[in-house]
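Data block below; observations after.
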Amino acid sequence: MTDIVRRSAALPKKNSRSGEILRHKAFYLMLIAPVVYFIIFKYGPLVNAQIAFKDFQALDGVWKSPWVGFRNFMTFFSSIYFWQLLRNTLTLSLGKLLIGLPLAVILALALNESSLRRFRKTVQTATYLPHFLSWVVMYGVLLLLLSPDEGLINEIIKALGGKPIAFLQDPKWYPWVAVLSDVWKETGWSAIIYLAAMTGIDPGLYEAAEVEGATRLQRIRFITLPGIADVIITIALLRLGTILDAGFHQIFMTYSVPVYSVGDIIDTWVYRQGVLDFQFSLATAVGLFKGVIGLLLVVFFNRLARRYSDSSLF
């Protein structure tokens, strides 16, 4: 008798679950394409990550290449450039995160508070357009601005009686150029995410605060920022997961031999070793190392976020 009751109690739940799936079948069908894409192009190639533990030979293929264990990892860790590469990568990545994220939030707040619709649209368009430019084009723009001979910035410096500065060839200035040019390129695009989050805040909260006499800054502090806190934390956690990606395309286009000491990052070193010198196993080992570190950072900071706030990725 007890078994019959249990089975009858389970049936509605099963039927209701099937009914939910059928009711939203259009959404499940839409998921098929992205799921297949990730399986084929993201998860499938992970099988080939085993060459990080092998001495990969193109003629032998992935499966028949000899196994060497952690030798490729030790080659990278024992390289005389390891600590320099790690320092440069973290410096540039953290600089972009610590400067770019707050500026994107500030820009989104300013656009959200602006009552001039045409001005708001003009500023938003002007700030997110650089995102769509490749770093090849951006490098040309940087040359027009920073060239020691005819760059606009150096022309101003010379007009004020100073000496021209080789921003792209000076190790003292290059990290700032790399960080600020990336912030310039991506801040407007990042602000769109926060603007979208602000549209989900209940307008009644602002109206009630205004009735109570709250100033605009107080409304931002006590309504807007808490309302988008979840999004800010999520973006920060995702960015921390890619902290060892300092922007290969940007650095590759803008750096040169004089600034290798501050501009050479893990990805550019991997390009030279793995692609130019055909050390594919070494390049894969470094990529796997970056992925593991990124995963550990996301898990660690996600636990901190879950402990000290109500937001987390999982």
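The values are calculated or read from the model by the stated rules, or taken from the named source; none is laboratory data. Predicted, not measured: the structure shown is a model, and the values here were computed from it. Neighbour counts are summed over all protein chains in view; Cβ atoms, including those assigned to glycine, are modelled from backbone coordinates with ideal geometry.
Quick check: is even one residue across the range 50-60 surrounded by 11 or more Cβ atoms within 10 Å (Cβ to Cβ), over 30 Å from residue 194 (Cα atoms), modelled with pLDDT under 90 and out of contact with any helix residue (DSSP H, G or I) (no Cβ under 9 Å at 6 or more places or on another chain)? The answer is yes, given that some residue of the range 50-60 is surrounded by 11 or more Cβ atoms within 10 Å (Cβ to Cβ), over 30 Å from residue 194 (Cα atoms), modelled with pLDDT under 90 and out of contact with any helix residue (DSSP H, G or I) (no Cβ under 9 Å at 6 or more places or on another chain). Criterion applied to 150, 186, 207 was being part of a helix (DSSP H, G or I), of a type in the set (D, E, K, R), surrounded by fewer than 17 Cβ atoms within 10 Å (Cβ to Cβ) and in the same structural domain as residue 266 (by TED's automatic domain parsing), and the one residue passing it is 207.
Residues in the range 261-292 that are surrounded by fewer than 14 Cβ atoms within 10 Å (Cβ to Cβ) and in contact (Cβ under 8 Å) with a residue 12 or more places away in the chain: 261 alone. Scanning the range 164-183 for residues that are outside any helix (DSSP H, G or I), touching a helix residue (DSSP H, G or I) at 6+ places or on another chain (Cβ under 7 Å) and crowded, with 16+ Cβ neighbours inside 10 Å yields 164, 165, 167, 168. Give the residues of the range 132-147 that are part of a helix (DSSP H, G or I) and surrounded by 14 or more Cβ atoms within 10 Å (Cβ to Cβ), sorted by residue number. Answer for the range 132-147, where residues must be part of a helix (DSSP H, G or I) and surrounded by 14 or more Cβ atoms within 10 Å (Cβ to Cβ): 135, 138, 139, 141, 142, 143, 145, 146.
For the range 210-242, the tally of residues that are part of a helix (DSSP H, G or I), acidic (Asp, Glu) and loosely packed, with under 15 Cβ neighbours inside 10 Å stands at 1.
Inspection of the range 294-307 finds a residue satisfying the criterion of being hydrophobic (A, V, I, L, M, F, W, C), touching a residue at least 12 places away in the same chain (Cβ under 8 Å), surrounded by 13 or more Cβ atoms within 10 Å (Cβ to Cβ) and farther than 28 Å from residue 176 by Cα. Out of the residues in the range 25-42 that are within 16 Å of residue 291 (Cβ to Cβ) and surrounded by fewer than 10 Cβ atoms within 10 Å (Cβ to Cβ), state the one that is nearest to the chain's Cα centre (by Cα). Out of the qualifying residues, it is 42.
If the condition is being within 26 Å of the chain's Cα centre (by Cα) and without any contact (Cβ under 8 Å) to a residue 40 or more places away in the chain, then the range 198-220 contributes 199, 200, 201.
Here's the yes/no breakdown for (1) touching a helix residue (DSSP H, G or I) at 6+ places or on another chain (Cβ under 9 Å); (2) charged (D, E, K, R); (3) part of a helix (DSSP H, G or I); (4) closer than 30 Å to residue 226 by Cα:
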residue: 108; (1), (2), (3), (4): yes, no, yes, yes
residue: 111; (1), (2), (3), (4): yes, no, yes, yes
residue: 120; (1), (2), (3), (4): yes, yes, yes, yes
residue: 161; (1), (2), (3), (4): no, no, no, no
residue: 191; (1), (2), (3), (4): yes, no, yes, yes
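Closer than 30 Å to residue 176 by Cα, surrounded by 10 or more Cβ atoms within 10 Å (Cβ to Cβ) and at pLDDT 90 or above, is that true of residue 75? Criteria not met by residue 75.
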